[in-house]
Amino acid sequence: MGIAETKRSSSTPASTSGAAASDPQAESGAALTDGFHLVIDALKVNGIDTIFGLPGIPITDLTRMAQAEGIRMISFRHEQNAGNAAAIAGFMTQKPGICLTVSAPGFLNGLTALANATTNCFPMILISGSSEREIVDLQQGDYEEMDQLAIAKPLCKAAFRVLHAEDIGVGVARAIRAAVSGRPGGVYLDLPAKLFAQSMDAEAGKRSLIQVVDPAPRQIPAADAIGRALDLLEGAKRPLILLGKGAAYAQADADIRSLVEKTGIPYLPMSMAKGLLPDTHELSAAAARSFVLPEADVVLLVGARLNWLLSHGKGKTWGGKGHKDAGGQKFIQIDISPQEMDSNVRIDAPVVGDIGSCVSALLAGIGAAWPKPPAEWLTAVAERRDRNIAKMAETLAKDPVPMNFHSALNVVRDIVKANPDAILVNEGANALDFTRSIVDMYKPRKRLDVGTWGVMGIGMGFAVAAAVVSGEPVIAIEGDSAFGFSGMEVETICRYNLPVCVVVFNNNGVYRGTDVNPTGGADLAPTVFVKGARYDRLIEAFGGVGVHATTPAELRRAMEEAVRSRRPTLINAVIDETAGTESGRITSLNPTAGKKK
Ligand code: OXT
Ligand code: ADP
Ligand code: MG
């Protein structure tokens with residue numbers, strides 16, 4: 001159905017919601033609006049200028065009208081990728097990213113991204129059309145029948161349904177507030193098909209919209225919490241600051257840098273906090289991770305949870321004797337969520353509030369006389385770090401044949417250094433872990449990756465959104481398995497002519513390409529793909545640039561050209577298929593069989 005047809009049908013309301021009448025325009029001559037336009041207006045009045053989605057019944061006309069009304073409509077090939085795009089747009093901008101899908105299957109495709117956004121504390125709103133409530137609730141077998149609201153609820157921060165056109169303003173406002181206030185997260189907004197066609201008086205419709213005032217109010221920490229934290233930090237002999245992606249999200253970049261530099265405390269960035277201060281900063285302890293975690297006596301967590309990525313704050317990583325033993329560190333934790341405190345180990349000084357307010361309150365208590373950490377600690381951290389960096393430099397200087405992760409990433413490292421504004425998207429196992437430790441980041445929110453769930457499939461959605469939101473070149477370093485989860489979106493990248501350079505680290509499989517079928521049968525082992533696949537040819541089908549690179553020199557040339565030309569590019573970087581390890585750095589998370597062969 002085209003826009004013209006919709007306009008016709010929208011003046012014949014499908015439901016008798018409060019403000020809708022039989023054919024009010026014909027009767028009174030008053031201007032009318034409808035559900036379609038109210039949704040668009042409600043988003044626009046709140047500064048939302050982009051929607052990531054995939055059209056179909058009942059939202060096709062919504063996508064057309066949104067475009068007609070000046071919203072940028074980025075259409076994907078699969079809703080999960082649109083959802084991932086929305087989620088990372090939310091992370092980058094602090095505005096909820098919007099993902100728009102059709103009912104049941106489209107909704108479910110978007111739901112993984114919504115759940116992932118919630119897990120990662122990214123603000124997004126999944127808006128899905130849904131089928132006739134009366135039929136769904138009686139389970140009479142409607143087209144794409146599903147009780148979407150009930151299914152979404154446990155997987156997101158909040159879920160709302162709007163039944164009447166005059167409530168669209170409230171529904172959108174509630175969704176925005178829920179997504180960005182407090183701990184950010186994913187919100188589901190259910191819009192039944194009938195809602196879109198409902199008409200109401202245009203003036204009344206306009207009045208029903210809500211421009212959300214102060215959607216993410218500052219949360220000022222209590223003075224005594226700040227005092228407790230400062231006391232602990234000041235008395236520390238081996239202090240450490242741990243920066244998480246909450247710190248990156250908060251956009252308190254200058255204050256966070258001041259906190260590190262004024263206190264002189266070494267800091268360890270979590271993956272997506274890399275670049276908050278340049279990775280080359282003299283106080284970075286990134287290359288001394290396994291030294292600083294067990295050795296530190298006081299740890300200040302800034303927007304980082306003590307979850308699996310930090311070994312739950314205990315065990316050998318932290319110097320504990322057994323895997324459940326604490327290491328004896330005292331923890332200060334800054335987080336907007338009070339419930340995060342003590343989730344894994346005791347938090348000695350909880351500081352609840354938004355990171356901007358908390359860090360500035362800490363800074364106010366850190367004067368010129370603040371004692372720098374003891375020199376022995378700083379020297380020990382620096383020595384360990386420099387030793388690891390030197391060891392890494394030796395490895396990176398090698399030029400093995402075939403190319404391996406290190407020699408390929410040595411190129412990526414140089415390209416990112418030369419283009420510090422470029423955004424790096426990264427997924428895979430080895431392709432992820434090696435990139436994280438080899439490629440230095442120089443600016444905040446430039447590294448986007450698999451996050452809290454270690455989820456594969458974020459790659460192309462993140463890349464599209466990063467390019468759309470920032471206008472900067474995007475470099476996506478993808479394991480060949482990881483790329484497969486969202487690879488069809490190279491068409492989207494070409495269609496919107498986005499400056500995205502995808503580099504597929506092709507080692508013929510999940511982790512490695514060397515497994516064999518133990519039965520000797522014709523099927524390959526479960527982790528192995530078609531050998532020698534030419535991923536570069538995929539993008540050529542859509543007019544992009546495909547490059548097959550087997551040496552660091554070829555890779556360098558292709559990446560330099562991609563970043564310079566800003567043309568959609570996919571480089572098939574052939575990596576030694578024996579080079580990876582099972583699950584990369586997290587091999588130990590694989591359960592081992594009790595039964596011995
Ligand atoms: O201090 P030490 O000595 O320990 O050294 C550390 C640092 O100090 C040092 N370092 C440095 N040295 C020198 N210079 C510099 N600059 C430097 N910086 C650091 O380096 C080491 C390592 O540092 P790091 O990484 O900070 O430390 P560590 O100990 O590793 O940190 C621990 C962790 C846990 C924080 C870290 O490892 C981490 O963040 N890990 C994330 C792991 C992760 O999320 N992995 C992804 C999931 S794996 C698996 O699930 C996969 N699947 C299953 C699947 C998934 N995930 N999703 C879905 C929807 N379906 C299925 C699949 C299918 S991965 C995967 C595909 C894999 O195949 P691909 O083909 O895509 O990829 P390849 O493996 O490439 O083939
Ligand atoms: P990482 O994976 O980098 O360690 P996490 O996702 O585990 O980071 O932690 C991010 C934390 O940051 C969450 O606990 C979240 O509540 C918190 N957070 C997010 N935004 C803010 C903010 N503006 N102020 C304070 N805390 C925040
Ligand atoms: Mg691989």
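The values are calculated or read from the model by the stated rules, or taken from the named source; none is laboratory data. No experiment lies behind these values; they were computed from the predicted model shown. Glycine gets a Cβ as well: all are built from the backbone with ideal geometry, and neighbour counts include every protein chain shown. Ligands, DNA and RNA are stripped out before the accessible areas are found, and what is left, the full protein with its side chains, is counted by its heavy atoms. Shrake-Rupley method; radii C 1.70, N 1.55, O 1.52, S 1.80 Å.
The ellipsoid that matches the Cα gyration tensor of the chain has semi-axes, each √(5λ) in whole angstrom, of 43, 32, 22, with the longest given first.
Sorting Thr101, Thr578 on solvent-accessible area from highest to lowest, probe radius 1.4 Å, gives Thr578, Thr101.
Determine the sum of side-chain charges near Phe291: Lys and Arg each +1, Asp and Glu each -1, restricted to other residues whose C-beta is under 11 angstrom from that of Phe291.
Values: positive: Arg238, Arg289, Arg384, Arg385, Arg387; negative: Glu295, Glu383.
Charge balance in the 11 Å sphere: +3.
Of the listed pairs Lys153/Lys274; Lys330/Lys443; Lys316/Lys391; Lys274/Lys417; Lys153/Lys324, which have alpha-carbon separations greater than 22 Å here? Pairs exceeding the cut-off: Lys153/Lys274; Lys330/Lys443; Lys316/Lys391; Lys153/Lys324. Calculated [222 nm] ellipticity per residue, helices only, for the chain: -11500 deg cm²/dmol; basis is -39500 (n - 2.57) per DSSP H run with n ≥ 4, divided by all residues, nearest 500.
Given Cα positions, please report Rg to Rh for the range 226-363, the hydrodynamic radius being the Kirkwood one. Working shown, then result.
On the way: Rg = 13.4 Å, Rh = 14.6 Å.
Rg/Rh for the range 226-363 comes to 0.92.
Positive contributions from Lys and Arg (+1) and negative ones from Asp and Glu (-1), summed over other residues with Cβ under 14 Å from the Cβ of Ala175, come out at +4.
Taking every protein chain into account, the 1.4 Å probe leaves Ser588 with about 110 Å² of accessible area, to the nearest ten.
Please give the peptides 269-278, 206-215 ranked by average Cβ packing (other Cβ atoms within 10 Å per residue), highest first, as a rough proxy for protection.
On the way: 269-278: 24.9, 206-215: 14.8.
The most tightly packed comes first, giving 269-278, 206-215.
Shown for the range 198-286: the carbon plus sulfur share of the solvent-accessible area, taken with all protein chains present and a 1.4 angstrom probe, equals 51%.
Working from label points 7 Å from Cα in the Cα-to-Cβ sense, the Thr280 to Asp297 distance is 3.4 nm.
Size descriptors for the range 430-528, from the alpha-carbon set: Rg then Dmax equal 15.5, 51 Å.
Can you put Leu108, Leu54 in order of accessible area, largest first, using a 1.4 Å probe? Kindly include the intermediate steps, with their values, before the conclusion.
Values: Leu108 70, Leu54 30 Å².
If we order Leu108, Leu54 from most to least accessible, we get Leu108, Leu54.
Using the average count of surrounding beta-carbon atoms within 10 Å as a protection proxy, the listed peptides 250-256, 66-72 rank, highest first, as 250-256, 66-72. Seen from Glu472, the other residues with C-beta closer than 9 Å to its C-beta sum to a net charge of 0, counting Lys and Arg as +1 and Asp and Glu as -1.
Mind running the shape call on the range 330-456? Use the C-alpha gyration tensor, a ≥ b ≥ c as the square roots of the eigenvalues: rounded below 1.5 for a/c, prolate if a/b tops b/c, oblate otherwise. Judged from the Cα gyration tensor, the range 330-456 comes out prolate (a/c at least 1.5, a/b above b/c).
Per residue, the chain exposes 41 Å² of accessible surface when a 1.4 Å probe is rolled over the protein heavy atoms with every protein chain present.
Indicate the gyration tensor shape class of the range 399-474 (rounded, prolate or oblate), computed on the Cα atoms with a ≥ b ≥ c the square roots of the eigenvalues: a/c under 1.5 is rounded; otherwise a/b larger than b/c is prolate and the rest oblate. Oblate, because a/c is 1.5 or more while a/b does not exceed b/c.
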